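Below is one structure; the comments refer to it alone.
The values are calculated or read from the model by the stated rules, or taken from the named source; none is laboratory data. This is a predicted model, so every value here is computed, not measured. Glycine also receives a Cβ, built like all others from the backbone with ideal geometry; neighbour counts cover every protein chain displayed.
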Amino acid sequence: MTLTQKFLGAAATLALTAGAALADPAIIFDLGGKFDKSFNESGFNGAERWAAETGGTYLEIELQSDAQREQALRRFAEVGANPIVTMGFQMTSVIEQVAPDYPDTKFVNIDGWANLPNVQTISFAEHEGSYLVGMLAAMKSETGTISFVGGMDIPLIRKFACGYAQGAAAVNADITVIANMTGTTPAAWNDPVKGSELTRAQMSQGSDVVFAAAGSTGLGVLQTAADEGILSIGVDANQNYLHPGSVLTSMLKRVDVAVYNAMMAGDALETGFFGLGVAEEGVGYALDEHNAGLVTDDMVAQVEAAKAAIIAGTLSVHDYSSDDTCPVLNF
């Protein structure tokens, strides 16, 4: 087996031998894998939707270490993949190094900030979606204390926490919001045991609703909440189904739409910076049969009113990443 076969797998090897496949898109899943039931899996669902609707094929890799980032990006560019979608902010510096070497290849940087002529950078207004689920948490809490478990302690995740706290405070000015981060390295995204420990510690302080924005770590949060009889809130993908009747809602971050749109655009992908918030249906909250018994019509009406106000511009949710401060939460 060649080095390329070992690294990229069978799908990419096929692309190397079939001329028609040289324009196939590619996607690089970040640490945690494409079945993390959260951020990566949302991107995977977008790629699968594109494949199902077009009959096309795409190249993919699930990163196992930071050392693979540049190698993966260069390999896909060298075999002619276009566009190349990258999942996560940690690909930004790698794209900045690699993209100039392949000016005819389009790159997509989800959650990053790469500013290059052949790169499309997608960001989300996570604070807006988190505000909406924070409202639901405050309306549902019986103790007046709710909590947040983040993954890696970075401004992006604090953005979730701050929006959540603002939404909760809008419903109950006296509510207590406990916020903890799992760690300061990428390992924080894949530690469900630590997520469980943090959840139990928050429960001991009175939390009866916990919001997890922590990748695979969040699976431990949701599991513990279900086991201990409190409510949880999922993130990125709709995670309501994981523990029906226990997951109050999920803060939807439509990474799947971003990936699908990029692959559909193909060589015609528009580059530059694009932001997706409530108005663009890039973020929101999940309602389905799995949480129907938890969210009342009155709760939905209040959240929808806030959503409409955000879209109209009459309600502004503070973005932590804009100034590294949060008006209602001390980190």
In segment 193-213, the residues that are over 28 Å from residue 327 (Cβ atoms) and surrounded by fewer than 20 Cβ atoms within 10 Å (Cβ to Cβ): 193, 197, 200
Some residue of segment 75-87 being touching a Ser or Thr at 6+ places or on another chain (Cβ under 9 Å), within 30 Å of residue 299 (Cβ to Cβ) and of a type in the set (S, T, N, Q): no
Residue match in segment 255-269 (condition: within 21 Å of residue 38 (Cβ to Cβ), of a type in the set (Asp, Glu) and in a helix (DSSP H, G or I)): yes
Residues being at pLDDT 95 or above, surrounded by 20 or more Cβ atoms within 10 Å (Cβ to Cβ) and in contact with a helix residue (DSSP H, G or I) (Cβ under 6 Å, 6 or more places away or on another chain) - total across segment 25-50: 9
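To keep it simple, each residue is scored yes or no on (1) in contact with a helix residue (DSSP H, G or I) (Cβ under 9 Å, 6 or more places away or on another chain); (2) buried (at least 22 other Cβ atoms within 10 Å of the Cβ).
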| position | (1), (2) |
| --- | --- |
| 232 | yes, yes |
| 242 | yes, no |
| 251 | yes, yes |
| 258 | yes, yes |
| 270 | no, no |
| 273 | no, no |
Matching residues, segment 51-73, being in contact with a helix residue (DSSP H, G or I) (Cβ under 6 Å, 6 or more places away or on another chain), within 17 Å of residue 24 (Cα to Cα) and assigned to a helix (DSSP H, G or I): 73
Residue match in segment 81-88 (condition: closer than 18 Å to residue 36 by Cα, surrounded by 23 or more Cβ atoms within 10 Å (Cβ to Cβ) and of a type outside the set (Val, Ile, Thr)): yes
Residue within segment 2-9 that is at pLDDT below 95, assigned to a helix (DSSP H, G or I) and among the basic types (Lys, Arg) present: yes
Leading residue by the ranking (farthest from residue 130 (Cα to Cα)) among those in segment 184-227 that are part of a loop (DSSP other than H, G, I, E, B) and within 16 Å of the chain's Cα centre (by Cα): 190
